[in-house]
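**Q** Sharing a structure below in structure tokens format, with a few things to ask.
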Amino acid sequence: MIINEEDKERLMFLRRVITKEIKYLHYSQQQVFKQEFTLEQAKKLETDNALAEKVEAFTSRYSRLQDTVGDKLLPLWLKIQGEKTGSTIDNLDKAEKLGILSSVETWMMLRQLRNQLVHEYIEDLTVLVNAMQTANAQSHLFVDVFDNINDDLDKRER
């Protein structure tokens, strides 16, 4: 596999950044989900600034990781593979066919969830709780894609 210098630099940069994003997301998960995130906790968000900041950090880091892996790393990896890149859904379809992504459907559901979470004030706290719990349980998908891309790149570099 031959990678031009610009793509190689970008790839190394993204790998470093995503490694940090995963570390920070895991930290936020530990802070928010020491116990299950419940409706009672969600009700405290307006008065408990520390909890609100932890939730904000988690949702921000969750969203950022999904964006960096899906919108930056994946298209670059496809390009390096000699694949034509396209829309997000097209890139995800290719990643699934190539065994890098387990489920386009799950990724797209998590993207919709991300869009819900970035709206700071979800009026229905039950929706917020469900979204937070799902994001926590499914965020491994982004890490899995990153790990799969890294594994593929490492094999090709040998």
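The values are calculated or read from the model by the stated rules, or taken from the named source; none is laboratory data. Source: prediction; values computed, not measured. Please note: Cβ atoms are built from the backbone with ideal geometry, for glycine as well, and neighbour counts cover all protein chains shown.
**Q** Please specify each residue of the range 93-107 satisfying the condition of being of a type in the set (D, E, K, R) and within 13 Å of Gly70 (Cα to Cα).
**A** The answer is Asp93, Lys94, Glu96.
**Q** Moving on to the next point. Given (1) without any contact (Cβ under 8 Å) to a residue 12 or more places away in the chain; (2) touching a helix residue (DSSP H, G or I) at 6+ places or on another chain (Cβ under 7 Å); (3) under 16 Å from Leu14 (Cβ atoms), where does Ile149 come up short, assuming only one miss?
**A** The single condition Ile149 does not satisfy is (1).
**Q** Could you say whether any residue in the range 57-66 is under 21 Å from Glu21 (Cβ atoms) and surrounded by fewer than 16 Cβ atoms within 10 Å (Cβ to Cβ)?
**A** Within the range 57-66, one or more residues are under 21 Å from Glu21 (Cβ atoms) and surrounded by fewer than 16 Cβ atoms within 10 Å (Cβ to Cβ).
**Q** Residue by residue through the range 4-38, note down the ones that are of a type in the set (S, T, N, Q) and loosely packed, with under 14 Cβ neighbours inside 10 Å.
**A** Correct list: Asn4, Thr19, Gln30, Gln35, Thr38.
**Q** Are there helices (runs of 4 or more DSSP H) fully within the range 86-158 with at least 2 residues that are surrounded by 15 or more Cβ atoms within 10 Å (Cβ to Cβ) and small (Gly, Ala, Ser)? List them.
**A** Per the criteria, 125-138.
**Q** For residues in the range 68-85 being among the basic types (Lys, Arg) and assigned to a helix (DSSP H, G or I), which is farthest from Asp147 (Cα to Cα)?
**A** Lys79
**Q** Follow-up question, since we're still on this one. Give me the pairs: first residue in the range 43-63 and of a type in the set (Ser, Thr, Tyr) and modelled with pLDDT of 95 or more, second residue buried (at least 19 other Cβ atoms within 10 Å of the Cβ) and in a loop (DSSP other than H, G, I, E, B), beta-carbon distance under 7 Å, and six or more apart or on different chains, which are they?
**A** Tyr62/Ser139
**Q** So the check is Cβ under 9 Å with 6+ separation or different chains; which pairs have a first residue in the range 115-126 that's within 16 Å of Leu39 (Cβ to Cβ) and a second one that's at pLDDT 70 or above and among the polar types (S, T, N, Q)?
**A** Ile122/Gln116
**Q** Now, a different point. Scan the range 73-96 and give yes if some residue there is in contact with a Phe, Trp or Tyr (Cβ under 6 Å, 6 or more places away or on another chain) and free of Cβ contacts under 8 Å to residues at least 24 places away in the same chain, otherwise no.
**A** Taking every residue of the range 73-96 in turn, at least one turns out to be in contact with a Phe, Trp or Tyr (Cβ under 6 Å, 6 or more places away or on another chain) and free of Cβ contacts under 8 Å to residues at least 24 places away in the same chain.
**Q** I would also like to ask the following. Which of the following residues is touching a Gly at 6+ places or on another chain (Cβ under 9 Å) and of a type in the set (Val, Ile, Thr): Thr59, Thr88, Thr68?
**A** Thr88
**Q** Could you tell me whether Asp48 is closer than 24 Å to Met108 by Cα and surrounded by fewer than 16 Cβ atoms within 10 Å (Cβ to Cβ)?
**A** no
**Q** In the range 58-94, which residues are under 23 Å from Ser28 (Cβ atoms) and among the basic types (Lys, Arg)?
**A** Answer for the range 58-94, where residues must be under 23 Å from Ser28 (Cβ atoms) and among the basic types (Lys, Arg): Arg61, Arg64, Lys72.
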